[in-house]
Amino acid sequence: MTRTFTTAATVEDAIEALGSGARPIAGGTDLVVGARQGKASLPEAIVAIDRIASLGGIVEGEDGLRLGALVTHEEIVANDVVRARFTALADASAIVGSHATRAHGTIGGNVMNASPAMDTGGPLLCFDASARIRSTWGEREVPLDQLWTGPGTTAVDPRELLVGIDVPAPIPATGSSYVRLEYRRQMEIAVVGVTAVVRLDGGSIADARVAITALAPTIRRVPDAEAVLIGSDGAADGIAAAARATAAGSSPIDDVRGSAAYRAAMAEVIAGRAISAALARARGEHVEIPASSSTYAGLGGARA
Amino acid sequence: MKTAATLTVNGAAYPVELDPHLSLLDAVRDLIGLTGSKEGCDDSECGACMMLLDGKPVNSCSYLALQADGRDVTTVEGLAEGDELTPLQRALLEHGGVQCGFCTPGMLISATALLREHPDPSEEDVRIALSGNLCRCTGYDGIVRAVRSAARSSA
C-alpha cells in the first residue's frame, strides 16, 4: 500500500477520508510518539484534521461547555470558565506533557486515544461529559462512561470522527480536582491519578464523584468511594474511608512505571489528596491549578 | 507517495517533497540542512528537537513534517538577529548554562517560548517549564539562572 497524506478542510472531507481507510491526526502528540516508541507503526493513509476550523473553540452556554475536538490543552488551561467551574479538567490539561505537548495536543486526541492513563478522562467522566461523533450516516452522542472499551479501544467505528465533547454545567457549590502521582514534572504519564468532584449542601456532601486513572483497564468511577462520601460531613475520617474504598476499587497492573502493589498503596494517598482538594474548592478555598503540585506540600501549606 | 510542500524555516521558504511519515526534525536537518536542532530520544521525552511552530513550542521529532506545510517554523538558528545574540543566548553563556551543548538548542527554544508567555517567571516556573527538556550534563542550575537573568534584563 502506498503511503498517503491528505489535509482535510472540512469535517465532510475528513469523514470521506476515514471511510476510505485513512486514520486521523491532529496534534500528533500520541500517534507519532506511539509510533516512535514502537507501540504501533504510523498508519499508511493519514488525514490531517488539524486545520478544520469548525472543530476548534470552547463555547460556554448556560447548560455547559462545548469543547471542539481540536481544543488544545493550552486553551483549556487558559479558559476562565473551565478554571472556575470545571477545575479538575484544568488540573488535568495543565499537566499533560510539556508546554510543547499542550500547545498542539488536543482534547479529542486525548479522549480517543483511550489510554487508561490519560489525564483529562477522569475529570470529563465525573462531569458526565459525552462525545459528539459524526459519520456519513449522522451524528450521535456517546456518554464517556460508554466510550472506552479497554486500553486503547473505543466504541467508535473507524469511519466515525469525534467532533466535540459536551460537558453539562455543574450545580453551584461543586468543587473538583484531579491529582496524579508523577515522577517528573513534565512529559510524564500518570503512575496513579484520581479525580474527585463533590457538591456541598450546608455542611454535608450532597453528591460525589470519584474516578481512577492508570488503576484499571479504562478510566472508571468508583461507586463505593462515592457512597462513602455522600451524606458525610467531609471530615478527615470520611475522606480516609473514601480513599481506602478508592484503592479497594482499583485493579492496577505491574508495568515499567510501577508495581500493582505500589499503585494500590498510592491510590489511597492520591485519592485522599484529590478529595481534600475538591472539598476545599467546594468550600471556596483557593487550591492552585494544577492541584497535583500544590497538594504535594499539603493543602494550606501544611505537610500532608 | 511523496507530497510537495513548502516549509518556512526562520523566514525562508523551502519547497520540499515529503514522505508522509517524515518528521519535521528529519526534514529540517536532512532536507534543508539546518542541524542545530538535535535528536535525543526520538519520542518526545527529552526536548532536544524542540522548535517553534507558529510561535508555539513543538517536539519536532514527533511532529509530521507535512503538518508544518505553510506554517512558520523557528529553529535555534533563527533566534539571533544576524550576529546579535538574544538576551537569553547571552545569559546562557554568561551563567555557564552550556556544557556539552546538546540540549542547548531545545532549551533555548523552550525558554524562549516560556518568556513570551511569562516575561518574569519564578525559579519554580522556569524549572517546571524546562522539565520537558533534559540536560545530560545535569547542568540545570546554570540554565535556570540564565533564564531568570534574561527575563530580568529584558523587563
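For (1) of a type outside the set (A, V, I, L, M); (2) outside the structural domain of B:L31 (by TED's automatic domain parsing); (3) within 23 Å of A:E188 (Cβ to Cβ), each residue gets a yes or a no:
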residue	(1), (2), (3)
B:L64	no, no, no
B:C100	yes, yes, no
B:A111	no, yes, yes
B:P121	yes, yes, yes
B:E124	yes, yes, yes
B:N133	yes, yes, yes
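Please note which helices (runs of 4 or more DSSP H) are completely contained in segment A:10-122 and include at least 3 residues that are under 29 Å from B:T112 (Cβ atoms).
Values: elements: A:11-19, A:31-36, A:73-78, A:80-85, A:87-93, A:99-104, A:107-113.
Passing ranges, in order: A:31-36, A:73-78, A:80-85, A:87-93, A:99-104, A:107-113.
Would you check which residues across segment B:44-58 are in contact (Cβ under 8 Å) with a residue 60 or more places away in the chain and either of a type in the set (G, A, S) or touching a helix residue (DSSP H, G or I) at 6+ places or on another chain (Cβ under 7 Å) (or both) and list them? Correct list: B:G47, B:A48, B:M50, B:L52, B:G55. At least 1 residues being under 30 Å from A:R51 (Cβ atoms) and aliphatic (A, V, I, L, M) is the threshold, and among the helices (runs of 4 or more DSSP H) wholly inside segment B:44-155 those reaching it are B:104-117, B:123-129.
Quick one: count up the residues across segment B:1-32 that are hydrophobic (A, V, I, L, M, F, W, C), in a strand (DSSP E or B) and out of contact with any Phe, Trp or Tyr (no Cβ under 6 Å at 6 or more places or on another chain). Going through segment B:1-32 one residue at a time, the tally reaches 7. Scanning segment A:90-97 finds one or more residues that are modelled with pLDDT of 95 or more, within 14 Å of another protein chain (Cβ to nearest Cβ) and out of contact with any Asp or Glu (no Cβ under 7 Å at 6 or more places or on another chain). Residues in segment A:248-279 that are within 26 Å of A:A90 (Cβ to Cβ) and hydrophobic (A, V, I, L, M, F, W, C): A:M266, A:A267, A:V269, A:I270, A:A271, A:A274, A:I275, A:A277, A:A278, A:L279.
Matching residues to (1) out of contact with any helix residue (DSSP H, G or I) (no Cβ under 8 Å at 6 or more places or on another chain); (2) surrounded by 24 or more Cβ atoms within 10 Å (Cβ to Cβ):
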| site | (1), (2) |
| --- | --- |
| A:T10 | no, no |
| A:V59 | yes, no |
| A:R66 | yes, no |
| A:L89 | no, yes |
| A:G109 | no, yes |
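Please find, within segment B:115-155, the residue that is nearest to the other protein chains (Cβ to nearest Cβ) out of those that are surrounded by fewer than 23 Cβ atoms within 10 Å (Cβ to Cβ) and touching a His at 6+ places or on another chain (Cβ under 7 Å). Per the criteria, the residue is B:D125.
Of all residue pairs spaced 6 or more apart or on separate chains, those with beta-carbon atoms under 6 Å, a first member in segment A:173-189 that is at the interface with another protein chain (Cβ under 10 Å from one of its Cβ atoms) and a second member that is β-branched (V, I, T) are A:R185/B:I128. Has segment A:21-44 got at least one residue that is away from chain B (no Cβ under 13 Å) and farther than 23 Å from A:S130 by Cβ? Yes, segment A:21-44 contains at least one residue that is away from chain B (no Cβ under 13 Å) and farther than 23 Å from A:S130 by Cβ. Quick check: anything in segment A:50-60 more than 14 Å from chain B (Cβ to nearest Cβ) and without any contact (Cβ under 8 Å) to a residue 12 or more places away in the chain? Scanning segment A:50-60 turns up at least one residue that is more than 14 Å from chain B (Cβ to nearest Cβ) and without any contact (Cβ under 8 Å) to a residue 12 or more places away in the chain. Between A:S115, A:S98, the distinction of being of a type in the set (S, T, Y), in contact (Cβ under 8 Å) with a residue 40 or more places away in the chain and in contact with a helix residue (DSSP H, G or I) (Cβ under 6 Å, 6 or more places away or on another chain) belongs to A:S98 only.
The values are calculated or read from the model by the stated rules, or taken from the named source; none is laboratory data. Note that this is a predicted model, so its numbers are computed, not measured. Because the Cβ atoms are built from the backbone with ideal geometry, glycine has one as well, and the counts that use them run over all protein chains shown.
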